[in-house]
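Please treat every number below as a calculation from the coordinates, not as lab data. Here the structure is a predicted model, which means the values were calculated and not measured. Neighbour counts are summed over all protein chains in view; Cβ atoms, including those assigned to glycine, are modelled from backbone coordinates with ideal geometry.
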Amino acid sequence: MRVCPRCGRETPVVIRGLCPRCFAEVYGVARVPGEVRVEVCRYCGSVRLGGRWVETDATFEGVLDAVVGWLSTRLQPVEPLVGVEVLGWDALTRPNWSTRILLRLRGRTGEGVEVEAEAPVTVRLKPSICPRCKTRVSGEYAVLVQVRGSRPGLRRLVEEAAERAGIIGDVVEVSETRDGVNAYLTHRGAASRLISALKRLAPLRVSGPYREYVGVTSRGRRRTRDTYVARLE
Ligand SMILES: [Zn+2]
Ligand SMILES: [Zn+2]
């Protein structure tokens, strides 16, 4: 038996000169990032982890579970531990777009001594769209507003215009392309409101609508799609 210099207790095992409990308190058992940012599909709740989209039950708890599961495969143990696993997690704040969670961890040494510790992580979720939903919703838009111009922050400008116009719910997607930003909208009224709001933010030259026929609706009417081009001056 040896005596831990930190807590004064007798201990059969010493890790870095400390008893296992003091070792965990001082060093932790894994290198845990203070914050993790991940994209979540706002249509289906899938979460993008390490470049792959993983399905969830579309609740914040389910998304956090998936994030913790992914983290557990990537955690590196603190030396001289050789392995670490996640035993579970608790939410320290209400699960939401930004949630503070506490990971319960168990590490082990090469000799098989187990050491437990807790580590807080903030998980920030960014609303996004997964490729599958993108394919689905891109078939649903009625109007495309192509915003063109070389100024930086163009996407932010379009998003701000959409907010000011009160049409966030009518936006299928805002995406950046090589030439500018495309805003896909569910109906024509939203397009004119977006264009008016954009005009108030920046000088603009608008052409269109250019109309194309894209099939037939379920009621047998011809479906059309309009495209406007808005050039920043
Ligand atoms: Zn101790
Ligand atoms: Zn999705």
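Quick rundown of the values:
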{"read-out": "Rg and Dmax of segment 139-232, Cα atoms only, in Å", "value": "13.1, 43"}
{"read-out": "Euclidean distance of C-alpha centroids, segment 33-76 and segment 181-233, integer Å", "value": "34 Å"}
{"read-out": "Summed residue charge, Cβ within 13 Å of residue 161's Cβ, Lys/Arg positive, Asp/Glu negative", "value": "+2"}
{"read-out": "Contact order relative to length of segment 2-128, as percent, for alpha carbon pairs under 8 angstrom and 6 or more apart", "value": "26 percent"}
{"read-out": "Given charges at beta-carbon only (K, R positive; D, E negative), |dipole| of the chain in Debye", "value": "1180 debye"}
{"read-out": "Mean ellipticity per residue at 222 nm, deg cm²/dmol - from DSSP H runs of n ≥ 4 across the chain, formula -39500 (n - 2.57)", "value": "-7000 deg cm²/dmol"}
{"read-out": "Table column - 3J(HN,Hα) (Hz), segment 102-110, Karplus curve with 6.51, -1.76, 1.60, x for Gly and Pro", "value": "10, 8, 9, 10, 9, x, 9, 8, x"}
{"read-out": "Size descriptor, Kirkwood hydrodynamic radius, that averages inverse alpha-carbon separations across the chain, Å", "value": "21.5 Å"}
{"read-out": "FRET efficiency for residue 126 and residue 92, using Cβ-Cβ distance with R0 set to 22 Å, rounded to 0.05", "value": "0.60"}
{"read-out": "Gained length - residue 100 relative to residue 42, 0.36 nm times residue gap less alpha-carbon distance", "value": "18.8 nm"}
